[in-house]
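Here the structure is laid out as C-alpha cells; the discussion comes afterwards.
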Amino acid sequence: MKKVRFTALVMLLACSMALAACGSSNGGTKNGGQASNAPESKIEELTVAFPMVSSAQQDIQLVEDAVNKITEQKIQARVKFMPISAGEWQQQTNLLFTSNEKLDLMFVNGSLYSGMVAKGQLIPIDELISKYGGGITKALGDYLQVARLKDGIYAVPTIRDLATSYGITFRKDLADKYSIDVSKLNTMEDIEHAFKTIKDGEGGDFTPLIPSGVGATYLENYLTYDRLGDGIGILPDYDNGLKIVNLYETDTYKEQLKRIRDWYLKGYIMKDSATNKLSTFELLRGGKGFAYFAALKPGFEEQESQASGVQVVTKELLSPIATTSTVTGAMWGIPVNTKLEGKAMEFLNLMYEDKDIINLFDWGIEGKHYVKVPGEDNVIDYPEGVTAQTTGYNMPLGWLFGNQFLSYVMKGKDADIWNKMDAFNKNAAHSKALGFSFDAAPVKTEYAAVTNVITQYKLALETGSVDPDKVLPDFINKLKSAGIDKIIQEKQKQLDAWVQAGGSK
C-alpha cells in the first residue's frame, strides 16, 4: 500500500480458488496449495477481479496466459482476469454481486471490508486457509489475525507496509539552498522555524506548506491516536486504557487547530488549500511549495522523488505504528458468488508464495516487459527500447497483488527495500486496538448525520481557513446534535466486547 497512497488510488480509482478430490467439480489439492499431480483432475476456471488505474494494458492477455501455464500445472486451474477501472470499482463490483455473476476471487478495499461482510458478499475463509493457505499464514504471521471480524476471517491482507510512521517531506533543493538540516527538525517549533526561513527567503506569495493530496487536511498525516477506522471516536496515544474519546473535544485537537491557523495567517500555508484541485506532485513541479506532511515507510523518499520529478527528503516525527487500518487497507477475499472456494484459496495462496506469479502480476513477462540486470538476483530493468510509457504491460500496483516481498525491484531503486520493509513491519509498535473493527450498522442514521457534519467543517478547520475559536464550538455542537455521543457509546460497547473475547493482547 504511500505510498502511491491508497486513498488517492481509491479516489482515482481508488488499489480485488474447491476441495480436493479427483474428478470433483472443485478439484482442489490436499496439501496447502501445493501441486497436485493427478492427471485426471479437471481444470477449473477462476474469475479474478482487481482494480486497474490505467486501461492501456494491451499485453494483459499475454500475462494471463503466462499465469495459466503455472496454475494449470500447480493447482489444475486457469484464471480469467477481470480488471476493473479503479474509479468504477465499487459500482461495478456491487453490480457483480447483485447479478450473482461468476466471481471467484477479488481485491477487497479495507475501508469497505466490514460493510461487505455485513452484506454477505464475502465468505468466511478460516478453514480454507488452514487447508490450502500455508503460504499465506507463513507470509503474514500474526498480522493475519488483524483481519478477523467477530465470527471469522473474510479476507487476507496483502504483504506490503503494514504499519506507518508519520513525518514531513521537504524539497531538497530549497533545504540545501537555505542550509536547513532536515535531520534536526524534531518538533513543530523546529519545523515552523524552517518555514519562516523559506518564507523570508523566497518572499512573495510563496507558501512553504502544501496539502498531501487533493481534499487532504494538514492533520491527516500527523496522528498521535488510533482513528479506529473512521475518526468518529478515537483512542489517544494508541492505548488510553482502551477508553474512546471524541477527538474534536480534546485539548490536543484544539491546540493543533490553533497552530495550523497561526501558520495560515503567517503565510506558511497555501491559502486555497481547502479548494485546491492540484495534486501534491503537480504543486511541487510547479514550484508552489516546500513541504508536506506524509505517512512514511521505507523507500518513501525515492518513491515521491520519482513520482513528482522533484528530489525530496523526509523527517520522521512519529515512530512506526500498526493499526487495523494500516494492515487491512488492501486485502483479497473470496466472494459469495463462487462455487470454487477451495480452488480460489489455492490460487490466492500462490499469490503469497510463488515468485513467478507475483512478478507476472507486477512486471509482466521476462524478456518482453522486463529483463534481469546481470549480476543482480532481484533487480530488473526495461528491455532495450522499452520504457514505462511504451511497455505493453505497466501495472504500478505491487502492493495490491499478494506478497510484494516476492517482487523484483526496478533498477535505480533500493535493491534491499523488501528486507527493510519486513523489518519496518516487525519492529512497529502495535495499537492496543489492533484487530478491532467497528460495525456502524447499529447507529447508521447517526453515522450518516455525523459524517455530513464532519464533511461540512473538517476541511476548513484543518487547513487553517477559518478561526477555530469561532468555528470549533459550532462544529462540536453540530456533531452532538447529529448523534456523535451515541456512535462513540456504541463503538466503546463493541470495543469492550472485543476485549472480552480476547481481542486485545
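The values are calculated or read from the model by the stated rules, or taken from the named source; none is laboratory data. Not measured: the values here are computed from a predicted model. When we count neighbours, we look across all protein chains shown, and the Cβ atoms used for this are built from the backbone with ideal geometry, even at glycine. These accessible areas exclude ligands, DNA and RNA; they are computed on the full protein's heavy atoms, side chains included. Shrake-Rupley method; radii C 1.70, N 1.55, O 1.52, S 1.80 Å.
Here are the numbers for this structure:
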item: Qualifying residue in the range 254-261 (condition: in the same structural domain as F170 (by TED's automatic domain parsing), in a loop (DSSP other than H, G, I, E, B) and at pLDDT 95 or above); result: no
item: Counted residues, the range 246-266 - those being closer than 27 Å to G201 by Cβ and open to solvent by less than 10 Å² (accessible area, probe 1.4 Å); result: 2
item: Close pairs (6 angstrom Cβ cut-off, 6 or more residues apart or separate chains): among the aliphatic types (A, V, I, L, M) in the range 170-189, in a strand (DSSP E or B) anywhere; result: V182/F170; V182/V313; V182/K315; L185/K315
item: Test: residue in the range 88-101 that is in contact with a helix residue (DSSP H, G or I) (Cβ under 7 Å, 6 or more places away or on another chain), modelled with pLDDT of 90 or more, under 30 Å from D151 (Cβ atoms) and not hydrophobic (A, V, I, L, M, F, W, C); result: no
item: Selected residue [of a type in the set (A, V, I, L, M, F, W, C), closer than 30 Å to D230 by Cβ and open to solvent by 10 Å² or more (accessible area, probe 1.4 Å)] from I321, I417, I365, I334; result: I321
item: Verdict on N403 being crowded, with 21+ Cβ neighbours inside 10 Å, at pLDDT 95 or above, in contact with a strand residue (DSSP E or B) (Cβ under 8 Å, 6 or more places away or on another chain) and not charged (D, E, K, R); result: yes
item: Any chance D205 is modelled with pLDDT under 95, within 23 Å of N427 (Cα to Cα) and acidic (D, E); result: no
item: Residue list for the range 227-236, restricted to those being within 22 Å of E316 (Cα to Cα) and open to solvent by less than 10 Å² (accessible area, probe 1.4 Å); result: L235
item: Looking only at the range 403-432, and only at residues there that are charged (D, E, K, R) and in a loop (DSSP other than H, G, I, E, B), the one that is nearest to S325 (Cα to Cα); result: K432
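Residues checked against (1) in a loop (DSSP other than H, G, I, E, B); (2) open to solvent by less than 10 Å² (accessible area, probe 1.4 Å):
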| site | (1), (2) |
| --- | --- |
| F50 | no, yes |
| Q73 | no, no |
| M82 | no, no |
| W89 | no, no |
| F97 | no, no |
| P124 | yes, no |
| L128 | no, no |
| I136 | no, yes |
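Matching residues to (1) surrounded by 14 or more Cβ atoms within 10 Å (Cβ to Cβ); (2) of a type in the set (D, E); (3) within 28 Å of A118 (Cβ to Cβ); (4) at pLDDT 95 or above:
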{"residue": "A14", "(1), (2), (3), (4)": "yes, no, yes, no"}
{"residue": "A18", "(1), (2), (3), (4)": "yes, no, yes, no"}
{"residue": "G33", "(1), (2), (3), (4)": "yes, no, no, no"}
{"residue": "E64", "(1), (2), (3), (4)": "yes, yes, no, yes"}
